[in-house]
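A short worksheet on the structure shown next.
The values are calculated or read from the model by the stated rules, or taken from the named source; none is laboratory data. Quick caveat: nothing in here was measured; it's all calculated off a predicted structure. Here Cβ is always computed from backbone atoms with ideal geometry, including for glycine, and neighbour counts include all displayed protein chains. Accessible surface areas use protein heavy atoms only, side chains included; no ligands, DNA or RNA. Shrake-Rupley method; radii C 1.70, N 1.55, O 1.52, S 1.80 Å.
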Amino acid sequence: MSVLARLLAALEGGEVEIVDLTAPLSERTPIIQLPPPFANTRGFELQEISRYDARGPAWYWNNFSAGEHVGTHFDAPVHWITGKDGLDVSQVPPAQLIAPAVVIDRSRECAADPDYLLEIDEVRAWESEHGSLPAGGWLLYRTGWDSRASNQEAFLNADERGPHTPGVSVDCARWLAEETPILGIGVETVGTDAGAAHSFDPPFPCHAFMLGAGKYGLTQLANLAKLPPTGVVLLVAPLPIVHGSGSPARVLALAPR
Ligand code: MN
């Protein structure tokens, strides 16, 4: 049997499960809110063209509009100034869109501290238990934040000092970008950086270091709790928007059952 026939048999037999890591995309999808003077993204909107009516008797279709960074989405290197000479989202090689993934779970820590920051030592401790981070693969960072994804206020978790959502420390972001062979980081929050990362040095270190190193980001992932720590294959499908800085993406995981 060919390798693809074996894969299909494993999918059909339930040996391999498809887990959808994508949040549904609608007017209710939470969006990031930058403080003044910065410009903000549009949310997702549908505009009906026709629905089996005089405008189109046998067909239903819509226009949609949204920012590139809305919902479950892909950050391309050109999204950040440190990656401005890097790839736009249409240039990401297809061979990188199917890649291994591992999951580090800090949901308990993040429930206790919404400003929780992942540190190098924790990733190293994870590696001594599960093996090295995958070369050319994703580090998926589970924080439990996907349980808030249907509520913009809970998802952004902001007070007068700004948003409080978990992320990665400056040292860990630099290390992941420069010292590990990963392709990118995937998170459950509205962006790959912590809510308080505007005040870090440098600000938004995950964006600055990862995208500056030509690596990628994935945000607003769902269902990471359904994945084992290792042995997962991720299919990531951003739209090939020419000159795009990112794109809403369908993200599917193939996981052993
Ligand atoms: Mn983004």
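Things worth noting here:
- Three-way shape label, region 4-121, alpha-carbon gyration tensor, a/c 1.5: oblate
- Region 1-117: relative contact order in percent, alpha carbon pairs under 8 Å with at least 6 residues between: 15 percent
- Carbon + sulfur, % of accessible area of region 46-87 - ligands and nucleic acids excluded, 1.4 Å: 59 percent
- Sequence-distant residues sharing a close amide H with residue 16 (under 5 Å, placed H): 11, 257
- Taking all Cα-Cα distances within region 124-240, those exceeding 17 Å account for 57%.
- Two-site label geometry, residue 226 and residue 46: point separation in nm, points 7 Å out along Cα→Cβ: 2.2 nm
- Annotation for residue 11 and residue 160: the two label points, set 7 Å from Cα along the Cα-Cβ direction, are 5.4 nm apart.
- Between amide H atoms placed 1.01 Å from N, distances below 5 Å from residue 222 occur with 22, 23, all of them 5 or more places distant or on a separate chain.
- Residue-averaged 222 nm ellipticity for the chain, from DSSP H runs of 4+ at -39500 (n - 2.57), nearest 500: -4500 deg cm²/dmol
- Extension gain, residue 153 back to residue 2 (0.36 nm per residue minus Cα-Cα distance, nm): 49.4 nm
- Computed E for residue 55/residue 128 - FRET, C-beta separation, R0 41 angstrom, nearest 0.05: 0.10
- Under the Karplus curve 6.51 cos²θ - 1.76 cosθ + 1.60, θ = phi - 60°, whole-Hz ³J(HN,Hα) for region 20-32, x wherever Gly or Pro sits: 7, 9, 9, 7, x, 9, 7, 4, 8, 4, x, 10, 5
- Accessible area expressed per residue, region 79-180, with surrounding protein chains retained (probe 1.4 Å, Å²): 50 Å²
- Percent carbon-and-sulfur accessible area, region 121-201, ignoring ligands, DNA and RNA, probe 1.4 Å: 43 percent
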